[in-house]
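The values are calculated or read from the model by the stated rules, or taken from the named source; none is laboratory data. This structure is a prediction, so every number in the text was calculated from the model and none was measured. Note: ideal-geometry Cβ built from the backbone for every residue, glycine included; neighbour counts use all protein chains shown.
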Amino acid sequence: MAGTPVNVELPTAGGSLRTDTLADSVMILLGLTAVQRVVGFCRAIIFCRWLDPEQLGRWEMAFSFVLLAAPLAVLALPGAFRRYVEHYRRAGQLRTFLGRTATVCLVLAAVAVASVLLGRRWFSVLIFGDTDQGQLVAILAVGLIAVVAYNFLIELFTALRNVRLVAVMQLINSMAFAALGAWLLLSWQCSANAVVAAYGTACLIAACCAWPAVRRTWSSSSSCGVEPLAAGTLWGKIGPFAAWLLLAAVLANLFGVVDRYMLIHFSMASSDDALRQVGNYHSARVVPLLLISIAAMLGTMITPHLSRDWEAGRRNRAGLRLRLFLKLFGLSVSAAAAGLLIASPLLFGVAFKGKFAGGLAVLPWTVTYCSWFALFVVAQTYLWCAEKARLASAALAVGMVANVCLNLLLLPRLGLPGAVLATAAANLIALVLLGVFNHRLGFPTDRGLLVIGALPITVCLGPPLATLVLVGVALEVVYRDRIFNAEEKQQIADGIREYLPWFRKLRFRTTTDLQA
């Protein structure tokens with residue numbers, strides 16, 4: 001029957017597709033991500049030091065718009081790569097699949113950019129609360145096409161399990177953004193316009209650097225001797241999944257920016273004062289957002305591996321692997337959150353030059369909800385494997401409605417702290433709902449995972465108590481089997497033993513280089 005896939009394994013030697021194992025993917029990603037995050041953190045400090053709160057607020061709102069508009073512009077089609085690239089690769093139909101999706105994405109992106117340019121005045125009011133930001137909106141529109149191309153390639157190579165290339169692209173993007181941002185702020189204008197222009201250019205540079213890999217992928221994906229893929233079969237298969245993924249992406253981004261839009265449009269302050277509050281909020285999110293970005297990268301990285309288990313009928317194994325991953329990640333996030341609170345006086349007093357007292361005041365609750373959302377981002381991969389992305393959308397929709405309602409109640413009374421409290425409550429609601437959906441679909445939830453999920457709120461108790469709780473949990477992990485069971489501990493020990501020779505070799509090479 002036309003369009004029915006057959007199992008055709010493509011060669012993996014020479015110039016063809018290269019994949020990394022899950023364990024290797026984690027090690028590669030963590031290594032390059034560490035460098036990338038250092039660059040990103042230094043860049044954020046520069047922006048906070050050089051920009052005043054109002055301009056920082058404009059950059060925050062501009063970036064929030066790009067995050068929302070990029071997946072919406074292409075109807076989230078690249079997001080389906082993580083689920084279906086492996087399917088069409090095995091069927092020998094990858095070239096057809098990529099060619100058709102790339103063409104549709106290009107047309108949709110062009111329409112989106114033209115729409116933003118033609119409606120600059122309306123978008124200026126929507127994003128910034130006034131009509132005087134037409135130039136900034138135009139820069140946003142032009143940069144949007146570069147962001148779409150960059151996201152397309154990131155999704156493609158993530159789905160192909162080429163984690164090395166993905167990590168390198170993200171590192172190039174981060175370094176180019178930092179360098180261009182600093183240069184434009186110094187040589188052009190110290191405003192959000194310079195930062196937005198730098199971000200779009202950095203995305204374009206990273207996408208261009210990946211072009212040779214795109215050509216190799218295309219040439220290695222020959223469809224000779226394979227039954228043609230009917231257009232109706234392709235769009236009928238990925239269309240419903242992409243539609244739910246689009247809804248999830250839009251809801252996730254709206255969920256993440258609704259509090260800032262509420263500050264702009266419902267705080268009863270002037271647009272300049274509201275943008276200053278957004279700037280203070282941005283300063284509180286600089287480090288916590290790193291947790292979410294790392295979660296997003298880890299989530300996209302593990303999805304193809306979990307999808308491979310799922311396609312092979314090993315669904316219980318996929319659930320167990322994700323549960324262990326969530327426990328390790330959640331424990332790491334909570335430790336990082338406590339460390340951030342300890343370092344916050346230095347961060348806000350020295351690095352940010354004491355300009356953002358409002359951001360320091362809301363930092364504990366900001367860290368808490370960012371930690372919860374980071375767990376949400378990773379946990380929803382189970383629903384993607386089960387092709388139930390609509391349930392993740394439902395959890396986000398409920399959380400977003402709660403966020404809007406709570407903001408309407410708390411924002412006029414408490415200002416920025418009210419917006420942050422509303423967002424924290426909304427994130428907890430969404431995470432709990434997602435956990436319920438996962439459990440009903442067979443995800444092996446246990447008591448240890450629930451404990452890990454509750455840990456982030458301890459940072460609101462203050463650094464001493466949060467540290468004390470973490471020490472207690474660490475002792476429980478070491479001496480008892482109630483958070484990590486015996487099988488999970490054995491898997492962790494096996495993983496450590498597997499990579500000990502690699503670390504010893506790395507240390508030996510480093511020592512030799514230093515002696516030389």
Has region 299-310 got any residue that is charged (D, E, K, R) and farther than 27 Å from Asp52 by Cβ? yes
So, in region 33-56, exactly how many residues are small (Gly, Ala, Ser) and more than 13 Å from Gln170 (Cα to Cα)? 1
What is the residue count in region 247-279 for residues that are closer than 16 Å to Leu421 by Cβ, touching a Phe, Trp or Tyr at 6+ places or on another chain (Cβ under 9 Å) and either hydrophobic (A, V, I, L, M, F, W, C) or surrounded by fewer than 22 Cβ atoms within 10 Å (Cβ to Cβ) (or both)? 2
Of the conditions (1) without any contact (Cβ under 8 Å) to a residue 12 or more places away in the chain; (2) within 30 Å of Phe266 (Cα to Cα); (3) part of a helix (DSSP H, G or I), the single one that Ile139 does not satisfy is (1)
Can you tell me which residue among Phe352, Phe348, Phe325 is at pLDDT 90 or above, assigned by TED's automatic domain parsing to the domain that holds Glu488 and either under 25 Å from Gln491 (Cβ atoms) or touching a Phe, Trp or Tyr at 6+ places or on another chain (Cβ under 7 Å) (or both)? Phe348
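Name the residue, out of Ala425, Ala389, that is in the same structural domain as Glu311 (by TED's automatic domain parsing), crowded, with 22+ Cβ neighbours inside 10 Å and not polar (S, T, N, Q).
Ala389
Quick check on Ile294: is it under 15 Å from Leu383 (Cβ atoms) and aliphatic (A, V, I, L, M)?
Values: under 15 Å from Leu383 (Cβ atoms): no; aliphatic (A, V, I, L, M): yes.
Judged against the criteria, Ile294 is not a match.
Can you name the residue in region 90-100 that is surrounded by fewer than 23 Cβ atoms within 10 Å (Cβ to Cβ) and not in a loop (DSSP other than H, G, I, E, B) and is also modelled with the lowest pLDDT among such residues? Working first, answer last.
First pass over region 90-100, keeping only residues surrounded by fewer than 23 Cβ atoms within 10 Å (Cβ to Cβ): 90-92, 95-96, 98-100.
Imposing the further condition that a residue be not in a loop (DSSP other than H, G, I, E, B) reduces the set to 90, 95-96, 98-100.
Numbers: Arg90: 77, Arg95: 84, Thr96: 83, Leu98: 86, Gly99: 86, Arg100: 88.
Only one residue fits best here, namely Arg90.
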I'm checking my understanding of the structure. Among residues of region 66-82 that are over 14 Å from the mean Cα position of the chain (by Cα) and over 16 Å from Leu153 (Cβ atoms), which one is modelled with the lowest pLDDT? Leu75
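I need the full set of residues from region 418-448 which are in a helix (DSSP H, G or I), among the charged types (D, E, K, R) and either within 21 Å of Arg482 (Cβ to Cβ) or touching a residue at least 40 places away in the same chain (Cβ under 8 Å) (or both), in order please. Explain how you work it out, then say what you get.
Within region 418-448, the subset in a helix (DSSP H, G or I) is 418-440, 447-448.
Subsequent filtering for residues that are among the charged types (D, E, K, R) retains 440, 447.
Scanning region 418-448 gives a single hit, Arg447.
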Close pairs (8 angstrom Cβ cut-off, 6 or more residues apart or separate chains): surrounded by fewer than 22 Cβ atoms within 10 Å (Cβ to Cβ) in region 54-65, polar (S, T, N, Q) anywhere: Ser64/Asn253
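Condition check ((1) under 28 Å from Gln93 (Cβ atoms); (2) out of contact with any His (no Cβ under 7 Å at 6 or more places or on another chain); (3) of a type in the set (S, T, N, Q)) across all residues:
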| site | (1), (2), (3) |
| --- | --- |
| Val116 | no, yes, no |
| Gly119 | no, yes, no |
| Asp130 | no, yes, no |
| Ala141 | no, yes, no |
| Asn151 | yes, yes, yes |
| Ile154 | yes, yes, no |
| Leu160 | yes, yes, no |
| Leu165 | yes, yes, no |
